[in-house]
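Asks: Below are the C-alpha cells for one structure; questions will follow.
The values are calculated or read from the model by the stated rules, or taken from the named source; none is laboratory data. Source: prediction; values computed, not measured. Cβ placement follows ideal geometry from the backbone for every residue including glycine, while neighbour counts extend to all protein chains displayed.
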C-alpha cells in the first residue's frame, strides 16, 4: 500500500470521526466547554498577571524614589530604614503563574536580618481555589485530559460494539491505519483546545518572553496532550466495551491527575521535614551573640578587630584612627552575620529543593507531574526561580547595607558619631548628605537565561518523552490484538 | 426484602472485581491520607516543642545579658504559636499558607505580623491528600464509577428485564444493591479515619459528627447517581453527565467565582501597610521628640506627665514612635484584613453551589485549620503584643528602677 493511499485512508477515518462528533451533542458540549475554559483561563490569567506586574512595578519605583528622597541622616539610620523589593512576574506566568500566589511578593531589606517575603496572595484569596485555579496551565494539565476522555473513550470500542470493526478489516483497513486515523481525529480536538494557549504564548513573545522557552513550553503541552490522546486510544483499543473503556480511562485520570500529584506532595513533606525560618533563627541569634552586636563597638567580641586596626594605623586609641571605628565594627559584624544568615538560608532552600525533587520524581509515574514541572520551569515560576529571587534580594541587601556601613566608617568621624545624642547640634553633625542615598541600582529581577530555563526543564521533558514512548508501545500492542 | 436478599446482593457486589478494586483504592487512599496527616501533625507538635525549649533558653540568655527595660524589650523575642487541633490530621486546611508561629517583640507589630514562616510553596501549590480531600473530591468520583452503570450494565448484558421481573419486591434489587455499595464505600473510607482520630485524640462527638457528615455527603452523591442511572442511556453517557456535574460543582464554579470575587473586592496592597508603618516609624527620628510624645499621649493619656526626655535617645520615646507607627498603619491593616474576610464570606455563599467546597469549609472549620482560625491566631498575637506594651510601658515611663523580679509578671503567650 502506498503511503499516499494510507494517508488518504487515515484522513478519511479521522473525518468520519469528526462527522460523528458533529452529530453527537455530548461531543459538541464537551468541545464547547473545553474551548470556553481554555479561552477564559488565558484571558483571565493574562489580565490578572498584567495587573499584578504593573502594581508591583509601580510599588518598586515608589520604594526606590522614597528611599532616595530621604533627608540627610546618620547612615546607620538608613540601614534600619531599609528598602523594599517587589518580585515581578515573568512574561510566561500569564500562562502558568506557578507558585507565584503562594510566595510572598514583597521583601523588606534591612541590616542585621534576612526577612522573609511577605504578603503571599493566597493569604488574601477567597479560599475557593483549594483544588485549582482557572489558569491555562491548570485547564490544560487537569481538565483537558478529562474532556478528551469523554470525547474519545469510544473511538475504538464504538466500532467494536457496532460490529463495524470487522467490516473495516474485511475492507482492507489495517488496525494500525484505523488507529492512526482515530489518533488524527483526537489530535485535532487536542489542537483545537490548545489553540488559546498558543495564542497566549505568542502574546508573551510580544511582552518580552524569549523564543526558546516559549517554543519549548508550547511543545511540552503538545506532547502532553498527545500522551493523553494516546492513552485514550490505547485504552479504547484494548477495552472490550464502551463502558469498560470509559471506566478504565476515568480511573487512569483520577489516578494521574488528582491522586498522584498530591501523593507526591505528601510523600515529599513526610519524607523530609524542613525546619522553618523561625526555628533556624534561634541558631542565628545565638551565633550573632557570639560574633558580637554590631551596634556596640565596645563589645568584647570586637577586641581583635580593634587591636588589628590600631596596629595597622599605628595609633593607640580608636579616636586617633582615620576611620570611624563604629562604622568599621558595623561593617565587620554585618559581614559576619550575613555569613551565618546565608548558611541557614542556604540550608533551608536546599531542603525545600530536595523536597521538590522528591515530588518531581513522581513525574516518571504521572505525566501530569512532568508537565507541571516542565511548565513551571519554562515559565520561570517554579521554586528555583523563587529562590533565585531570594538570593538576588539577599545580595542586594548586603551590598546596600555595606555601602551604608562604609559611608558610616568613612563619612563620619568617630567623635561626631559617638557624641550624636549629646545635643541637637551634635546630632545634626552626625549625618551624611542625602546625595549619598543614590546607591540603589535600578532593580529588575531577571529570571534565568532562556537557555537555562530550557536546560532546567529537560528532565521533565524527558519524563514526558518516556510517557509518550510507553503509550505508543501500548498502542502498537493494542493494534496487534484488534 | 429479607436478610437473604441482603446477603446475596452483598456477595454479588463484592465479588465483582471492579467494585472490589474501587473499594480497595478508596480504603488505601483514606489510609494514606490519615497516615501522612498524622505524621504532619506530629511534626508540627515536635516543632512547637523544640521552639518552646529554644525560646526559653534564648529568653533566659537575654534576661541575663541586659538590665534595662528598654534593652530587654528590644532584644527579647516571644514565641507565639497555634498548635494543630486534634482533627487537623484529617483537614490540613490552610496551615501551609497562613503562618501558625511567630516570634514577636516590642517593636511595631505591623512590621512583624506579616512575616510568614511557611513551608515549601511548591508543595503548598500542588496541595495535599488529606481525609477531607478524599471524601469531598475522590469519594463522588468513586461513587460515579460504582453506581452509574447500576442498570445500564445489566441492560447491556440483557439481564435487566429478567432481574426486574424476578425481584421479590421493588426494594430488594436496585435500591438494595446501591445501598450495599454506598455503605461499603463509606466504611472503607471512614474506618481509617476513625483509627486515626482515636490515635490523635479526637473527641467521640467530633468523630461521630465527621463520619455522619461524610455519610450525608456520600448519600447525596449516591442519590444523584442513582437517579441518573435510571435513564436509559448507555453507561458512559450517564457517567459523562455525572462527571460533568462533578466538574462543574467541584472545579468550575469555585474557580470562576474566585475570579469574580477577586474582581469584586479590592483592598489595600500588603506592601502599602509596611511602607506606611515604616514611614511613620522613621519620620519620628526627624521630627521633634515632643511632637511624637504628644501624639503618643493621645492614646495613652496616663503617661501625659511622664513624656519629658533628658537626652536625644530614650527608650520610652523609641517605643512611643513604634506605637505610633502601628497606629498610622492601623486603618490600612484593618482594611486589608476586612478585604480578606469579605472575600472569605462571599466564598461561603458560593460554597452552597459547590458541595465539595462546602464540606471542605465545614471540616476545616471544625479542625481549626481554615482562614478564620488563622485570623483568630493573628488576633491573639496582636492581643499578646498589646499585653507586652501594657507590661513594659510602666517600666519605661515611670521612674522606678528596673530589677529582674518584675519580669515574673511579664505576660506569656498562651495558645
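Asks: Cβ contacts < 7 Å: first residue more than 9 Å from chain B (Cβ to nearest Cβ), restricted to the range A:55-71; second residue modelled with pLDDT of 85 or more and part of a helix (DSSP H, G or I), any location; separation 6+ or different chain. Result?
Replies: As it stands, the answer is A:67/A:437; A:68/A:437, since those pairs meet every condition given.
Asks: Let me ask something else about it. Given the conditions (1) closer than 21 Å to residue A:344 by Cα; (2) within 8 Å of another protein chain (Cβ to nearest Cβ); (3) touching a residue at least 40 places away in the same chain (Cβ under 8 Å), report the number of the one that residue B:99 does not fulfil.
Replies: In the conditions (1) closer than 21 Å to residue A:344 by Cα; (2) within 8 Å of another protein chain (Cβ to nearest Cβ); (3) touching a residue at least 40 places away in the same chain (Cβ under 8 Å), residue B:99 misses (2) alone.
Asks: Let me spell it out: the conditions are (1) within 30 Å of residue B:174 (Cα to Cα); (2) facing another protein chain (nearest Cβ under 10 Å); (3) modelled with pLDDT under 90, and residue B:250 meets all of them except one. Which number is the exception?
Replies: (3)
Asks: Moving on. Can you pull out the residues in the range B:273-293 that are within 19 Å of residue B:110 (Cα to Cα) and more than 8 Å from chain A (Cβ to nearest Cβ)? So that I can check it myself, show each step before the final result.
Replies: Looking only at the range B:273-293, we keep the residues that are within 19 Å of residue B:110 (Cα to Cα), and these are B:273-285, B:292.
Answer for the range B:273-293, where residues must be within 19 Å of residue B:110 (Cα to Cα) and more than 8 Å from chain A (Cβ to nearest Cβ): B:273, B:276, B:277, B:280, B:281, B:283, B:284, B:292.
Asks: Right, here's the next one. Taking the range A:366-378, which residues are closer than 15 Å to residue A:204 by Cβ and either out of contact with any helix residue (DSSP H, G or I) (no Cβ under 8 Å at 6 or more places or on another chain) or within 13 Å of chain B (Cβ to nearest Cβ) (or both)?
Replies: Within the range A:366-378, A:375, A:376 meet the criteria.
Asks: Give me the residue from the range B:267-323 that is farther than 26 Å from residue B:400 by Cα, outside any helix (DSSP H, G or I) and touching a helix residue (DSSP H, G or I) at 6+ places or on another chain (Cβ under 7 Å) and, out of that set, modelled with the lowest pLDDT.
Replies: Among those that are farther than 26 Å from residue B:400 by Cα, outside any helix (DSSP H, G or I) and touching a helix residue (DSSP H, G or I) at 6+ places or on another chain (Cβ under 7 Å), it is B:269.
Asks: Looking at A:451, A:406, A:381, which is the one that is surrounded by 15 or more Cβ atoms within 10 Å (Cβ to Cβ), part of a helix (DSSP H, G or I) and either at pLDDT below 90 or under 38 Å from the mean Cα position of the chain (by Cα) (or both)? Let's see the steps before the verdict.
Replies: Details: A:451 fails: surrounded by 15 or more Cβ atoms within 10 Å (Cβ to Cβ); A:381 fails: part of a helix (DSSP H, G or I).
When all the criteria are applied, what remains is A:406.
Asks: While we're looking at this one, here's another question. From A:52, A:45, grab the single residue that is modelled with pLDDT of 90 or more, in a helix (DSSP H, G or I) and within 18 Å of the chain's Cα centre (by Cα).
Replies: That would be A:45, the only listed residue that is modelled with pLDDT of 90 or more, in a helix (DSSP H, G or I) and within 18 Å of the chain's Cα centre (by Cα).
Asks: Given the options A:225, A:233, A:249, name the one that is in a helix (DSSP H, G or I), facing another protein chain (nearest Cβ under 10 Å) and in contact (Cβ under 8 Å) with a residue 40 or more places away in the chain.
Replies: Exactly one of A:225, A:233, A:249 is in a helix (DSSP H, G or I), facing another protein chain (nearest Cβ under 10 Å) and in contact (Cβ under 8 Å) with a residue 40 or more places away in the chain, namely A:249.
Asks: Need a quick list: helices (runs of 4 or more DSSP H) entirely within the range A:73-171 having at least 1 residues that are at pLDDT below 90 and under 22 Å from the mean Cα position of the chain (by Cα).
Replies: In the range A:73-171, no matching helices (runs of 4 or more DSSP H) lie anywhere.
Asks: Now for a separate question. Just the residues that are in contact with a helix residue (DSSP H, G or I) (Cβ under 6 Å, 6 or more places away or on another chain) and surrounded by 22 or more Cβ atoms within 10 Å (Cβ to Cβ), please, taken from the range A:60-75.
Replies: Scanning the range A:60-75 gives a single hit, A:75.
Asks: Could you list, in sequence order, all residues of the range A:282-305 that are within 15 Å of residue A:327 (Cβ to Cβ), within 42 Å of the chain's Cα centre (by Cα) and exposed (fewer than 15 other Cβ atoms within 10 Å of the Cβ)?
Replies: Within the range A:282-305, A:295, A:296 qualify.
Asks: Moving on to the next point. Condition check: outside any helix (DSSP H, G or I), out of contact with any strand residue (DSSP E or B) (no Cβ under 8 Å at 6 or more places or on another chain) and facing chain B (nearest Cβ under 8 Å). Does residue A:274 satisfy that?
Replies: When the stated conditions are applied, residue A:274 passes them.
Asks: What do you reckon, is residue B:52 facing another protein chain (nearest Cβ under 8 Å) and surrounded by fewer than 19 Cβ atoms within 10 Å (Cβ to Cβ)?
Replies: Working: facing another protein chain (nearest Cβ under 8 Å): no; surrounded by fewer than 19 Cβ atoms within 10 Å (Cβ to Cβ): yes.
For residue B:52, the condition - facing another protein chain (nearest Cβ under 8 Å) and surrounded by fewer than 19 Cβ atoms within 10 Å (Cβ to Cβ) - is not met.
Asks: If you don't mind, there's one more thing I want to ask. Among (1) within 30 Å of residue B:116 (Cβ to Cβ); (2) touching a residue at least 12 places away in the same chain (Cβ under 8 Å); (3) within 12 Å of another protein chain (Cβ to nearest Cβ); (4) buried (at least 17 other Cβ atoms within 10 Å of the Cβ), there is one condition residue B:210 misses while meeting the rest; what is its number?
Replies: Checking residue B:210 against (1) within 30 Å of residue B:116 (Cβ to Cβ); (2) touching a residue at least 12 places away in the same chain (Cβ under 8 Å); (3) within 12 Å of another protein chain (Cβ to nearest Cβ); (4) buried (at least 17 other Cβ atoms within 10 Å of the Cβ), the one that fails is (3).
Asks: For the list (1) farther than 30 Å from residue B:322 by Cβ; (2) within 9 Å of another protein chain (Cβ to nearest Cβ); (3) surrounded by 14 or more Cβ atoms within 10 Å (Cβ to Cβ), I need the number of the one condition that residue B:26 fails.
Replies: (2)
Asks: Okay, next question. In contact with a helix residue (DSSP H, G or I) (Cβ under 7 Å, 6 or more places away or on another chain), in a helix (DSSP H, G or I) and either within 14 Å of another protein chain (Cβ to nearest Cβ) or touching a residue at least 60 places away in the same chain (Cβ under 8 Å) (or both): does that describe residue A:362?
Replies: Judged against the criteria, residue A:362 is a match.
Asks: Would you call residue B:380 over 30 Å from residue B:294 (Cβ atoms) and part of a helix (DSSP H, G or I)?
Replies: On the way: over 30 Å from residue B:294 (Cβ atoms): yes; part of a helix (DSSP H, G or I): yes.
It is true that residue B:380 is over 30 Å from residue B:294 (Cβ atoms) and part of a helix (DSSP H, G or I).
Asks: Can you confirm whether residue A:303 is out of contact with any helix residue (DSSP H, G or I) (no Cβ under 8 Å at 6 or more places or on another chain) and either under 30 Å from residue A:231 (Cα atoms) or modelled with pLDDT of 80 or more (or both)? Break it down into steps so the answer makes sense when it comes.
Replies: On the way: out of contact with any helix residue (DSSP H, G or I) (no Cβ under 8 Å at 6 or more places or on another chain): yes; either under 30 Å from residue A:231 (Cα atoms) or modelled with pLDDT of 80 or more (or both): yes.
So residue A:303 passes the test.
Asks: A further question follows. Is it the case that the range A:283-293 has a residue that's closer than 29 Å to residue B:102 by Cβ, assigned to a loop (DSSP other than H, G, I, E, B) and within 8 Å of chain B (Cβ to nearest Cβ)?
Replies: No: zero hits.
Asks: Could I ask something else about it? When only residues in the range A:237-246 that are within 11 Å of another protein chain (Cβ to nearest Cβ) and assigned to a helix (DSSP H, G or I) count, which is nearest to residue A:469 (Cα to Cα)?
Replies: Taking the candidates together, the pick is A:245.
Asks: Out of everything in the range B:120-137 that is touching a helix residue (DSSP H, G or I) at 6+ places or on another chain (Cβ under 6 Å), touching a residue at least 60 places away in the same chain (Cβ under 8 Å) and within 8 Å of chain A (Cβ to nearest Cβ), what residue ends up being nearest to residue B:16 (Cα to Cα)?
Replies: B:137
Asks: Only one residue in B:86, B:38 is within 11 Å of chain A (Cβ to nearest Cβ) and modelled with pLDDT of 95 or more. Which one?
Replies: Details: B:86 fails: within 11 Å of chain A (Cβ to nearest Cβ).
After ruling out the rest, the residue left standing is B:38.
Asks: Specify the residue that is farthest from the other protein chains (Cβ to nearest Cβ); the eligible residues are those in the range A:93-115 that are surrounded by fewer than 22 Cβ atoms within 10 Å (Cβ to Cβ) and in contact (Cβ under 8 Å) with a residue 12 or more places away in the chain. Can you show your working first?
Replies: From the range A:93-115, those surrounded by fewer than 22 Cβ atoms within 10 Å (Cβ to Cβ) are A:110, A:112-113, A:115; that's our starting set.
Filter once more, so that each one left must be in contact (Cβ under 8 Å) with a residue 12 or more places away in the chain: A:110, A:112-113.
Numbers: A:110: 9, A:112: 12, A:113: 10 Å.
Here the residue is A:112.
Asks: Could you tell me which of the residues B:149, B:117 is assigned to a loop (DSSP other than H, G, I, E, B), more than 26 Å from residue B:376 (Cα to Cα) and facing chain A (nearest Cβ under 10 Å)?
Replies: Going through B:149, B:117 in turn, just one is assigned to a loop (DSSP other than H, G, I, E, B), more than 26 Å from residue B:376 (Cα to Cα) and facing chain A (nearest Cβ under 10 Å): B:149.
Asks: Please work out which residue is farthest from the chain's Cα centre (by Cα), limiting yourself to the range A:14-42 and to residues that are exposed (fewer than 14 other Cβ atoms within 10 Å of the Cβ) and either at pLDDT 95 or above or within 11 Å of chain B (Cβ to nearest Cβ) (or both).
Replies: Ranking the candidates gives A:25 first.
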